[in-house]
Amino acid sequence: MVTTFNLFTSVSWIITGLISAVLSTLFLGKNPKKRLNQLFSAGFIAWSLSMVFNGIVFAVAYRSLTAANIFRDLTVVFGILSAFILFAAAYGIYFGAESLNWLLYISLIVIAGVLAGFGAVNDWVTLDGLGGFKTTDNLVGKICTQIITAVFIVAANILLILTYRSSKNPQAKKRVGYFVIGYSTIIVGLLMFVIDSLARVGASDSAFT
């Protein structure tokens, strides 16, 4: 039987992901031919899928732990991919759309692919000892899925803030401001992941002392 905590976690992740996906799609619909709009929307949609898959993890774990781990792998892959797409979008806004060349795309795809591979292998779903399930990782998984991902999102947000401060166009400045808020919510979410995992490690250590 699904625990209350797992049920709440599953529903909240899925709803949040769906709302984010709808908003991202609506944003793309305003100007679907602009490359920067495509990148921003793709990044947030990838992040949305990551949240939805993470919610599904706790919904299917009671039926099949293997299926739960597959969805967890998808969560990791789309989460990391979203960070690099959003970084590319912020890079394009700050340095100009012409700076988005194939060399940059290939470099980001390769780095994201390597991190996603190591992250997925070192992050898994397991029993929480309370009748439910939890996600856990080791140091390699934490570095790949959380720390490096957070660094790229923070760097992207810094580029957006610099763009916001230097912009003389009120309308453009307003739009960039919304992106800063959006990126900041992702940073807060990643920090919550890190704090939660560190708290669990601390609790585990105290249990054996």
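Please report, to one decimal in angstroms, the Kirkwood hydrodynamic radius of segment 4-201 built from all distinct Cα-Cα pairs.
By the Kirkwood definition, the hydrodynamic radius is 17.4 Å.
Would you please calculate the Kirkwood hydrodynamic radius of segment 34-86 over all C-alpha pairs and express it in Å, rounded to one decimal?
Taking the inverse mean of 1/r over all distinct Cα pairs, segment 34-86 comes out at 11.3 Å.
Quick one: W124, W102, W13, fewest Cβ neighbours within 10 Å first, how do they rank?
W102, W124, W13
If you rank S184, S166 by fewest surrounding Cβ atoms within 10 Å, what's the result?
Starting with the residue having the fewest Cβ neighbours, the order is S166, S184.
Determine which lysines satisfy two conditions relative to K30: a Cα distance under 22 Å, and not lying fewer than 8 residues away in the same chain.
Straight-distance partners of K30: K173, K174.
Under the 0.36 nm per residue contour assumption, what length would be gained going from the current alpha-carbon distance of Y62 and L103 to full extension?
In short, 10.4 nm is gained.
With springs only between Cα atoms under 10 Å apart, run a GNM on the chain and tell me which of N37, N101, N138 wobbles the most.
N101
Can you work out D for segment 32-138 in µm² s⁻¹ from Stokes-Einstein, where Rh is the Kirkwood radius over C-alpha pairs, the temperature is 10 °C and the viscosity is 1.306 mPa s?
This corresponds to a translational diffusion coefficient of 106 µm²/s.
Against the longest principal axis of the chain, how steep is helix 35-60, in degrees 0 to 90 to the nearest 10, with axes from Cα atoms?
Taking the Cα atoms of the chain, the angle to 35-60 is about 10 degrees.
By count of other Cβ within 10 Å, fewest leading, how are L159, L39, L139, L7 ordered?
Fewest-to-most Cβ neighbours within 10 Å comes out as L139, L7, L159, L39.
Work out how much length V2 to N138 would gain on full extension: take 0.36 nm times their residue separation and subtract the Cα-Cα distance, in nm to one decimal.
In short, 46.4 nm is gained.
Could you state the angle between the C-alpha long axis of helix 102-121 and the longest principal axis of the C-alpha atoms of the chain, as a value from 0 to 90 degrees rounded to the nearest 10?
Approximately 10 degrees, to the nearest ten.
FYI, it's all coordinate maths here, none of it is from the lab. As the structure is a computational prediction, the values presented were derived from the model and not from experiment. Reconstructed Cβ throughout: ideal geometry from the backbone, glycine too, with neighbour counts over all protein chains shown.
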